[in-house]
Amino acid sequence: MALMQWGALVAFALLVMSASLYGLTASGHFPSEHRAEALRSPAGAAILWGTMAVALATAIVGLVLAWLMLPWTWAVIVGGGVLLMAPLILQLFPDSFVDGRAGLLVFAGLGAALSLAVLLFR
């Protein structure tokens, strides 16, 4: 594999990890009666749904990156491995972080920053 493909592989793995961590964090807020009080307000709902849009855009950038720059076998193996590791990594964070606004904002922001880096330095 060329050096450019190794960089794309690492970027893809990080994008999949940020989207996976976000997805796991957001899934704890559904149905709405399970949401923290901070996310039941209109501002909290805007944060939840806004970060979902950002995380979706992150996932799309990751998929496009993999489609254009990686052999499909590497994308499947690395993407699957990262998806399997995400719940284990999420357990390292405190519950107050994962159950509140901070987890949603940090994981969506991380994905947005990685997506921007991929788009700028491609």
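Please treat every number below as a calculation from the coordinates, not as lab data. Worth saying up front: this structure is predicted, and the values here are computed from it rather than measured. Glycine also receives a Cβ, built like all others from the backbone with ideal geometry; neighbour counts cover every protein chain displayed.
Listing for the model above:
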{"item": "Thr73 versus Leu119: modelled label distance in nm, points set 7 Å from Cα along the beta carbon direction", "result": "3.3 nm"}
{"item": "DSSP-loop chymotrypsin sites (Phe, Trp or Tyr not before Pro) across region 91-122, with at most 16 other Cβ within 10 angstrom", "result": "Phe121"}
{"item": "Whole-Hz ³J(HN,Hα) from phi, Karplus 6.51 cos²θ - 1.76 cosθ + 1.60, for region 12-21, glycine and proline x", "result": "4, 4, 5, 5, 5, 5, 5, 5, 5, 4"}
{"item": "Within region 86-122: backbone nitrogen closer than 19 Å to the Met52 label point (7 Å, Cα to C-beta)", "result": "98-112"}
{"item": "Residue-wise HN-Hα coupling along region 90-99, computed from phi with Karplus coefficients 6.51, -1.76, 1.60 (Hz; x: Gly, Pro)", "result": "5, 5, 6, 8, x, 4, 5, 6, 5, 7"}
{"item": "Diffusion coefficient, µm² s⁻¹, Stokes-Einstein with Kirkwood Rh over alpha-carbon pairs of the chain at 37 °C and 0.692 mPa s", "result": "221 µm²/s"}
